[in-house]
1. Can you say whether R294 is buried (at least 19 other Cβ atoms within 10 Å of the Cβ), under 24 Å from H88 (Cβ atoms), modelled with pLDDT of 95 or more and among the charged types (D, E, K, R), as far as the supplied structure shows?
2. State whether the residues of segment 248-270 include one that is within 30 Å of G77 (Cβ to Cβ), outside the structural domain of V59 (by TED's automatic domain parsing) and small (G, A, S).
3. What residue, among those in segment 191-207 that are out of contact with any helix residue (DSSP H, G or I) (no Cβ under 8 Å at 6 or more places or on another chain) and of a type outside the set (K, R), is surrounded by the most Cβ atoms within 10 Å (Cβ to Cβ)?
4. Listed residues R117, R68, R73, R139; which is farther than 15 Å from T286 by Cβ, modelled with pLDDT of 95 or more and surrounded by 20 or more Cβ atoms within 10 Å (Cβ to Cβ)?
5. Condition test on A62, is it farther than 15 Å from A159 by Cα and either modelled with pLDDT of 95 or more or not in a helix (DSSP H, G or I) (or both)?
6. Kindly establish whether Y273 is under 30 Å from D226 (Cβ atoms), under 21 Å from the mean Cα position of the chain (by Cα) and buried (at least 20 other Cβ atoms within 10 Å of the Cβ).
7. Checking the structure you have, find out if any residue of segment 56-70 is touching a Pro at 6+ places or on another chain (Cβ under 8 Å) and of a type in the set (S, T, N, Q).
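The values are calculated or read from the model by the stated rules, or taken from the named source; none is laboratory data. Just so it is clear, the structure is predicted and the values come from calculations on it, not from any experiment. Here the Cβ positions follow ideal geometry from the backbone for every residue, glycine too, while neighbour counts run over all protein chains shown.
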Amino acid sequence: MAQLENGEWRQTPIITSGKDGDFKRANASFRNWITPDGAPGPSGSGGFAAESGRYHLYVSYACPWAHRALIFRQLKGLQDLIGVSAVHPDMLTDGWTFDTDFDGATGDQLYGLPFMRDIYVKSDPAVTTRVTVPVLWDRQRKTIVSNESSEIIGMFNSAFNGVTGNSDDYWPEALRAAIEPVNDRIYDTVNNGVYKSGFATTQKAYDAAVAPLFDSLDWLEARLSDGRYLLGERITEADWRLVTTLFRFDSVYHLHFKCNRRRIVDYPNLWAYTRELYQWPGIAETVRLDHIVRHYHYSHESINPHRIVPINPIIDWMEPHRRG
């Protein structure tokens with residue numbers, strides 16, 4: 001693994017650990033906002049107006065953070081407004097690449113560049129950053145708007161409503177105070193918890209991560225016994241932020257990241273819920289288990305040094321959700 005330092009590609013460890021062997025996730029480096037009229041957004045950076053054809057989304061089908069952005073692009077009917085380039089699932093010494101010898105890897109649809117890092121350097125020739133996805137690109141200003149998934153889905157949720165006429169709201173004002181604590185716990189102990197477990201380099205760090213992960217899965221299972229979704233009978237951003245981890249859990253995190261106390265199929269409510277969200281219109285096409293399984297097992301040499309890709313369970317995503 002590597003990162004950009006002053007625009008140059010430098011080899012660095014894939015796992016950034018604290019002194020106790022705990023995984024440390026780097027912060028996103030581009031935090032601009034698209035707004036309906038280009039006025040300043042929450043970060044104070046303006047000039048990015050919601051316009052059809054102006055923006056492009058760079059993703060990995062393997063990455064759960066990028067998957068959020070793909071899902072919101074579907075939910076909000078942005079497919080014709082915002083194009084997509086998907087990287088190759090293998091992330092090796094060159095990081096994410098635009099190789100096309102894997103089904104679904106599209107290459108760079110805008111500039112034909114070979115590496116994801118080239119998009120970062122095109123935005124800022126002296127940038128120092130990890131090269132992550134998703135990346136939301138402004139074709140007009142030739143710059144990165146954002147590489148923070150939680151903020152990209154926030155933009156997709158509302159900024160383009162006037163262009164598409166789609167006013168579906170997954171972060172409704174009346175529920176925000178209830179959504180945010182749920183998001184915070186899910187991010188820390190589940191979305192990032194699987195990584196803190198899998199990338200721990202000491203037993204102490206692993207134990208400190210995996211116990212809260214399963215405590216939260218138990219909490220979610222109980223929560224879903226009282227409502228169809230995390231906030232009751234209305235689906236919200238919190239559900240879509242959670243489910244990208246659930247989609248990957250039994251095929252990757254259970255084995256590869258040693259999160260093996262239970263599988264999602266062992267939780268009746270969580271498994272029914274996961275299937276329902278998979279069956280939501282437009283969502284199944286965003287779930288590419290071939291990319292997911294290949295990426296994790298082939299790219300993480302420190303965890304799987306022989307790069308053996310397991311056969312994995314056969315998952316029936318289409319069984320109906322009969323609860324409620």
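1. On the way: buried (at least 19 other Cβ atoms within 10 Å of the Cβ): yes; under 24 Å from H88 (Cβ atoms): yes; modelled with pLDDT of 95 or more: yes; among the charged types (D, E, K, R): yes.
Yes: the conditions hold for R294.
2. We begin by selecting, within segment 248-270, every residue within 30 Å of G77 (Cβ to Cβ); these are 248-249, 251-252, 264, 269-270.
Within this subset, residues satisfying the condition of being outside the structural domain of V59 (by TED's automatic domain parsing) are 248-249, 251-252, 264, 269-270.
In the following step, the residues that additionally are small (G, A, S) were identified as 251.
Yes, the conditions are met somewhere in segment 248-270.
3. Looking only at segment 191-207, we keep the residues that are out of contact with any helix residue (DSSP H, G or I) (no Cβ under 8 Å at 6 or more places or on another chain), and these are 192, 195, 199, 201-204, 207.
With the extra rule that they be of a type outside the set (K, R), the set shrinks to 192, 195, 199, 201-203, 207.
Numbers: N192: 18, Y195: 17, F199: 23, T201: 16, T202: 14, Q203: 9, D207: 11.
Ranking the candidates gives F199 first.
4. On the way: R68 fails: farther than 15 Å from T286 by Cβ; R73 fails: farther than 15 Å from T286 by Cβ; R139 fails: surrounded by 20 or more Cβ atoms within 10 Å (Cβ to Cβ).
Every option except R117 fails the conditions.
5. yes
6. On the way: under 30 Å from D226 (Cβ atoms): yes; under 21 Å from the mean Cα position of the chain (by Cα): yes; buried (at least 20 other Cβ atoms within 10 Å of the Cβ): yes.
Considered against the rule, which asks whether it is under 30 Å from D226 (Cβ atoms), under 21 Å from the mean Cα position of the chain (by Cα) and buried (at least 20 other Cβ atoms within 10 Å of the Cβ), Y273 comes out as yes.
7. yes
Residue-by-condition table, conditions (1) surrounded by fewer than 23 Cβ atoms within 10 Å (Cβ to Cβ); (2) in contact with a helix residue (DSSP H, G or I) (Cβ under 8 Å, 6 or more places away or on another chain); (3) without any contact (Cβ under 8 Å) to a residue 60 or more places away in the chain:
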| site | (1), (2), (3) |
| --- | --- |
| Y229 | yes, yes, yes |
| T236 | yes, yes, no |
| R241 | no, yes, no |
| T245 | no, yes, no |
| S251 | yes, yes, no |
| F257 | no, yes, no |
| N260 | yes, yes, yes |
| Y267 | yes, yes, yes |
